[in-house]
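These notes concern the structure reproduced below.
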Amino acid sequence: MILKPCPASYACGRPRALAAPTRFFSGQPLATKALGPAFGPLRANKASGTSRPGHHSAAATRTRASSSSSAVPSSDKSAPGFAGSTLLKKTYSLLRNNLCIVLSAFLLCDGLTWLLHRCSHRLTNQVAVQFLSDVPADAIGNLWWISNDTTIANFQTGYQYIVGAVFVLVFPISILLRTLATAVAILACHQNPGGQVGGAQGWRLSPAAVLAQLREQWGRVRERWFQLWEVECLLAARVIPLSGLSLLVLPLPWTLPRLMALSATSSQAILQGSPGNEALQRSQQRLRPFWRNIAWPYLALVLSARALEVVKVAAFGALPARLQRDLPELSIAIFVVLSLVTFMLCRMRDLLGLAAYQMTDDPAPGGPLPTKPATV
């Protein structure tokens with residue numbers, strides 16, 4: 001008995017296999033005689049050019065692979081839908097094409113939020129001076145800013161309790177301002193994805209055109225501001241605890257998928273009118289299979305903004321005092337450029353959910369939601 005190399009092994013590109021053992025004179029395969037009729041068609045297969053039972057052709061392998069992959073749900077695939085780099089490009093395109101409107105809306109929001117903080121700090125200090133005997137007005141200094149003096153800002157004097165109470169009262173108002181800015185930006189980007197507003201690019205609009213766009217979008221937001229505010233308050237109630245747990249790093253594999261699945265809540269409420277918890281549930285249904293595709297662009301934007309803040313502080317610390325005194329324009333230029341880039345990264349983070357919303361399909365548009373809230 002001798003061993004022959006299998007000719008089919010050369011065709012299929014696999015390592016060389018050995019054919020079935022044959023008798024020296026007759027050439028009859030031993031496997032046919034020993035295993036019966038199941039292996040009988042070996043010679044017929046060889047003559048017709050088909051592969052042997054032990055050797056699969058490349059076409060058959062591709063057919064089985066495609067059939068097996070189609071049987072797997074899309075939510076279980078490693079990278080369904082879109083790549084993270086594509087999502088970042090989409091987000092950047094939305095911001096660039098509607099740059100003037102988005103920046104104007106958020107700059108107005110940040111300005112009003114700054115005024116709100118000043119008023120809340122003044123209210124905090126006035127209440128502390130009025131009702132706390134251990135907190136004199138001259139010890140606080142500027143009443144428009146919360147005191148950082150450890151002899152005053154502690155729980156023994158009661159100052160921190162007043163700070164917490166005023167924060168709880170003011171926080172819903174800050175959410176409302178943020179809601180209005182986000183709604184205007186999302187409507188503008190969704191309505192003009194190409195950035196064409198009146199024949200001009202969205203990043204080259206005149207102040208009059210920007211003001212007209214803000215008025216138009218505000219007219220649409222004003223009709224449903226309370227519903228959108230309710231959705232944002234519910235979203236904050238979900239996101240704040242998850243973000244706090246994420247700071248511990250260890251719960252990050254549990255919190256990150258849930259945070260990413262809530263990214264389209266604002267877009268769902270603004271563009272489809274989903275109220276309350278329905279907006280949160282539809283966002284989870286929509287983005288749950290794609291949370292990995294959203295996670296690394298989100299983390300990249302957040303970490304980049306944090307890194308630029310560190311670079312800004314380090315740059316000012318590295319500048320010599322003589323250079324800051326003789327050439328103040330350099331310090332101002334560094335501050336403006338780094339602040340502008342940080343602001344742009346934060347706006348991309350705000351529009352990331354809209355980009356993911358536009359790149360995915362609603363699994364049940366207008367259909368009933370499950371009675372039990374969906375979990376990530």
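Here's the yes/no breakdown for (1) of a type in the set (A, V, I, L, M); (2) modelled with pLDDT of 90 or more; (3) at positive phi:
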position: 319; (1), (2), (3): yes, no, no
position: 349; (1), (2), (3): no, yes, no
position: 357; (1), (2), (3): no, yes, no
position: 375; (1), (2), (3): no, no, no
Filter the helices (runs of 4 or more DSSP H) completely within the stretch 206-304 down to those with at least 2 residues that are surrounded by fewer than 14 Cβ atoms within 10 Å (Cβ to Cβ) and of a type in the set (D, E, K, R).
-> 207-222
Pick from 136, 53: which is modelled with pLDDT under 85 and either assigned by TED's automatic domain parsing to the domain that holds residue 292 or out of contact with any helix residue (DSSP H, G or I) (no Cβ under 9 Å at 6 or more places or on another chain) (or both)?
-> 136
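Residue by residue, here is whether (1) outside the structural domain of residue 349 (by TED's automatic domain parsing); (2) in contact with a Cys (Cβ under 9 Å, 6 or more places away or on another chain); (3) in contact (Cβ under 8 Å) with a residue 60 or more places away in the chain; (4) of a type in the set (Lys, Arg) holds:
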position	(1), (2), (3), (4)
207	no, yes, no, no
227	no, no, no, no
233	no, no, yes, no
246	no, no, no, no
253	no, no, no, no
264	no, no, yes, no
277	no, no, yes, no
285	no, no, yes, no
289	no, no, yes, no
Name every residue in the stretch 172-229 that is at pLDDT 90 or above and among the small types (Gly, Ala, Ser), in order of residue number.
-> 174, 181, 183, 185
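Report whether or not residue 152 is in contact with a Ser or Thr (Cβ under 7 Å, 6 or more places away or on another chain) and crowded, with 20+ Cβ neighbours inside 10 Å.
Spelling it out, it is not the case that residue 152 is in contact with a Ser or Thr (Cβ under 7 Å, 6 or more places away or on another chain) and crowded, with 20+ Cβ neighbours inside 10 Å.
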So residue 145 fits all but one of (1) of a type outside the set (Asp, Glu); (2) surrounded by fewer than 17 Cβ atoms within 10 Å (Cβ to Cβ); (3) within 30 Å of residue 212 (Cα to Cα); what number is the exception?
-> (3)
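The values are calculated or read from the model by the stated rules, or taken from the named source; none is laboratory data. Bear in mind that the values here come from a model prediction, so they are computed numbers and not experimental data. Note: ideal-geometry Cβ built from the backbone for every residue, glycine included; neighbour counts use all protein chains shown.
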